[in-house]
Amino acid sequence: MFHKTLFLQESKRMSRHLIAPSILTADFLHLEDEVRMVNSSEADLLHLDIMDGVYVPNLTFGFPVIRQIKSVSEKPLDVHLMIVNPDRYLDEYRDAGADWLTVHYETCKHLHRTIQKISELGMKPAVSVNPHTDVALLEPVLGDLNMVLVMTVNPGFGGQKFIEASYAKIRKLKQMIKDAGADTLIEVDGGITEDNLGKLITAGVDVFVVGNTVFSAPDPVQMISNLKHPH
């Protein structure tokens, strides 16, 4: 997978870890300003949570909003699908501007086929697992993934408290990736703060989705810098 190798090399040049502000907790009345703020920061990606009100108890936004965000964002779009039957819309998410596309293990009947399709469409495939899902279930597909997203809260709403059992899960996944000889990145989403960032890096996390910690900060650009360069 040529594009995967190039991206991993690019990622390693950018930083030891990547920061992906989550637009879910942004001010939607001033969404363009929020995206431009992220553009001006040291963030590496812009994270978009897509929720259908069926798989998770919340609704967010669809293709028109993604296209508008794409027209303004200078950061790659990290699109996280919390929806049932994601295979129906893979082409549309690519056309709307997704650079990375994450599907949930729990929603895919034929996971390997879905991953292959995402890759064929030119996006970077990723799979997310809910807090109750054992990462061992991903072992057969690790080599086909750019990234695994470990949900460190129950999906659906921002501002939740980090689930402490996630550390052991991340360490287990990191060892699985090493044993497989894969370059798969580990992303976490939910309850990420300056206080737990260092411990998560030590556990093996490569990419951090950060919502409230960034968008509720007095100076979001400075907060992103703090997360990018923890003390």
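Among the residues making up region 171-185, those that are farther than 15 Å from THR102 by Cα and surrounded by 21 or more Cβ atoms within 10 Å (Cβ to Cβ) are LEU173, ILE177.
Just wondering, is there one or more residues in region 190-197 that are at negative phi, touching a residue at least 40 places away in the same chain (Cβ under 8 Å) and of a type in the set (D, E, K, R)? No. Within region 88-124, the set of residues being acidic (Asp, Glu) and closer than 23 Å to LEU24 by Cα comprises ASP91, GLU92, ASP95, ASP99, GLU106.
Could we say that PRO155 is within 24 Å of ILE115 (Cα to Cα), surrounded by fewer than 23 Cβ atoms within 10 Å (Cβ to Cβ), touching a strand residue (DSSP E or B) at 6+ places or on another chain (Cβ under 9 Å) and touching a residue at least 24 places away in the same chain (Cβ under 8 Å) here? Criteria met by PRO155.
Annotation note: of VAL188, VAL141, the sole residue that is surrounded by fewer than 22 Cβ atoms within 10 Å (Cβ to Cβ) and among the β-branched types (Val, Ile, Thr) is VAL141. Somewhere in region 85-108, is a residue within 18 Å of ALA20 (Cα to Cα), of a type in the set (S, T, N, Q) and either crowded, with 19+ Cβ neighbours inside 10 Å or in contact with a helix residue (DSSP H, G or I) (Cβ under 9 Å, 6 or more places away or on another chain) (or both)? Checked against the condition, which is being within 18 Å of ALA20 (Cα to Cα), of a type in the set (S, T, N, Q) and either crowded, with 19+ Cβ neighbours inside 10 Å or in contact with a helix residue (DSSP H, G or I) (Cβ under 9 Å, 6 or more places away or on another chain) (or both), region 85-108 yields at least one hit.
The set of residues in region 186-231 that are over 18 Å from the mean Cα position of the chain (by Cα) and among the hydrophobic types (A, V, I, L, M, F, W, C) comprises ALA217, VAL221, MET223. None of ASN196, ASN212 is at pLDDT 95 or above and surrounded by 14 or more Cβ atoms within 10 Å (Cβ to Cβ) except ASN196. Among the residues of region 16-74, those that are charged (D, E, K, R), out of contact with any Leu (no Cβ under 8 Å at 6 or more places or on another chain) and part of a loop (DSSP other than H, G, I, E, B) comprise ARG16, ASP27, GLU42, GLU74.
Taking into account only those residues within region 113-137 that are part of a helix (DSSP H, G or I) and of a type in the set (Val, Ile, Thr), which is nearest to LYS172 (Cα to Cα)? Lay out the reasoning, then the answer.
Step one: of region 113-137, the residues part of a helix (DSSP H, G or I) are 113-120, 135-137.
Checking the rest, the ones that are also of a type in the set (Val, Ile, Thr) come to 114-115, 118, 135.
Details: THR114: 24, ILE115: 22, ILE118: 26, VAL135: 8 Å.
That would be VAL135.
The set of residues from region 206-231 being among the hydrophobic types (A, V, I, L, M, F, W, C), outside any strand (DSSP E or B) and under 24 Å from ASP183 (Cα atoms) comprises just one member, LEU227.
The values are calculated or read from the model by the stated rules, or taken from the named source; none is laboratory data. Not measured: the values here are computed from a predicted model. Cβ atoms come from the backbone with ideal geometry, glycine included; neighbour counts cover every protein chain shown.
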